[in-house]
Amino acid sequence: MKNSLFRKDIVTVESLTTEDVELIFEKTREMERLVKEKGGDDRLKGKIMAALFYEPSTRTFSSFIAAMQKLGGGIIPLNGMKNTSVEKGESFKHTIQVFSRYADCLVVRHPEPGMPAMAAGYVDMPVINAGDGINEHPTQALFDTYTIHKHFAGLDNLKVALVGDLKNGRTVHSLSQVLAKMGKNLFFHFVSPAVLKMPEEIKKIIKSSGTNFSETDNLSSVISESDVIYMTRVQKERFTDITEYERLKSFYMLEKKMLNNAKKRVIIMHPLPIAAGEISNDLDTDLRSVYLKEQLSNGLYLRMALLDLILRR
Ligand code: CP
């Protein structure tokens, strides 16, 4: 298959074609085999990835670092820009331009929507969006979609409940678009408090792809018919009024007993971190939960795949 992603930016899911996503999934399967059989290889020897994280991260940062190292590449790992010249007032543009002289690709996380896209405009090398404010988290959406696809051997006819802070949660903004792009006859239950509903512009994109959805604040009402229950945390860092956050943070708390009438093959997902008990601990080891297992491993494989595709013809 032709590598349509060579030197391409991954900053929005909208820019990815269905063929791009299929190519990424095919390469992800190859990476899974590689890791399981040999641990990795040296195909990216001589290449360097700069990870520039202006916002905290555990998983995205570490898995990109691990992905690059498993393929023999080098890293400039900045998890937080505190000890860089950003503290002295260096502009975003200059910072990006500086790292473009040392690295072959940039992985950028930023609290402001659109900054990874802006970075891509400053440099002549691939830029990956590792999460930009409330906007998007494309790589998370890709491996979440991969995880669902793998579990159900496809995406068609699934009912997916996206639950929690759908207004501020970048993972669900990207995931809903990738699923709608890739699946046929998919249906979404958007489950949120009234003040944290899925933004109108995302609903418009979902609708225009021919995918139907419902909106409710009642999680229990959708459990029995959902194939995927995707929980999210209320995004504390996006609130200006902390009392409003305190009111909403535990609006949903998924417990094992609530799954008595769930479908046999349902999976419970969460991008992590779980911050306010939105999934109870007793589900951590439940066989239906994939958030501490497949979702994480697939994140590593998929990020390896992306790095290989954007850096090697
Ligand atoms: N899911 C996710 O983006 O986690 P981190 O914020 O820890 O990277």
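So here's what we get for this one:
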read-out: Number of the condition not met by His94 [criteria: (1) under 19 Å from Asp132 (Cα atoms); (2) crowded, with 16+ Cβ neighbours inside 10 Å]; value: (2)
read-out: The one condition in (1) aromatic (Phe, Trp, Tyr); (2) closer than 30 Å to Ser4 by Cβ; (3) in contact with a Leu (Cβ under 7 Å, 6 or more places away or on another chain) that Tyr301 fails to fulfil; value: (3)
read-out: Counted residues, the range 198-234 - those being more than 22 Å from Leu155 (Cβ to Cβ) and in contact with a Lys or Arg (Cβ under 6 Å, 6 or more places away or on another chain); value: 1
read-out: Hey, Tyr245 in contact with a helix residue (DSSP H, G or I) (Cβ under 8 Å, 6 or more places away or on another chain) and in a strand (DSSP E or B) or not; value: no
read-out: Residue in the range 11-21 that is nearest to the ligand (Cβ to nearest atom), counting only those that are open to solvent by 10 Å² or more (accessible area, probe 1.4 Å) and free of Cβ contacts under 8 Å to residues at least 40 places away in the same chain; value: Ser15
read-out: Number of the exception - Leu5 against (1) touching a Leu at 6+ places or on another chain (Cβ under 8 Å); (2) under 19 Å from His137 (Cα atoms); (3) in a loop (DSSP other than H, G, I, E, B); (4) in the same structural domain as Pro113 (by TED's automatic domain parsing); value: (4)
read-out: In the range 276-305, the residues that are among the aliphatic types (A, V, I, L, M), open to solvent by less than 60 Å² (accessible area, probe 1.4 Å) and over 15 Å from the mean Cα position of the chain (by Cα); value: Ala276, Ile279, Leu283
read-out: Residues being under 23 Å from Ser4 (Cα atoms) and away from the ligand (no atom under 16 Å from the Cβ) - total across the range 41-69; value: 9
read-out: Which numbered condition Gly131 fails, given (1) within 16 Å of the ligand (Cβ to nearest atom); (2) closer than 30 Å to Asp241 by Cα; (3) outside the structural domain of Ala305 (by TED's automatic domain parsing); value: (3)
read-out: Residues (more than 21 Å from Glu278 (Cβ to Cβ), open to solvent by less than 20 Å² (accessible area, probe 1.4 Å) and not hydrophobic (A, V, I, L, M, F, W, C)) located in the range 201-242; value: Lys203, Thr211
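The values are calculated or read from the model by the stated rules, or taken from the named source; none is laboratory data. It should be emphasised that the depicted structure is a prediction, and the values quoted were computed from it without experimental measurement. Counting neighbours? That spans all protein chains shown, and the Cβs are built from the backbone with ideal geometry, glycine included. These area figures cover heavy atoms from the full protein model, side chains too; ligands, DNA and RNA do not enter into them. Shrake-Rupley method; radii C 1.70, N 1.55, O 1.52, S 1.80 Å.
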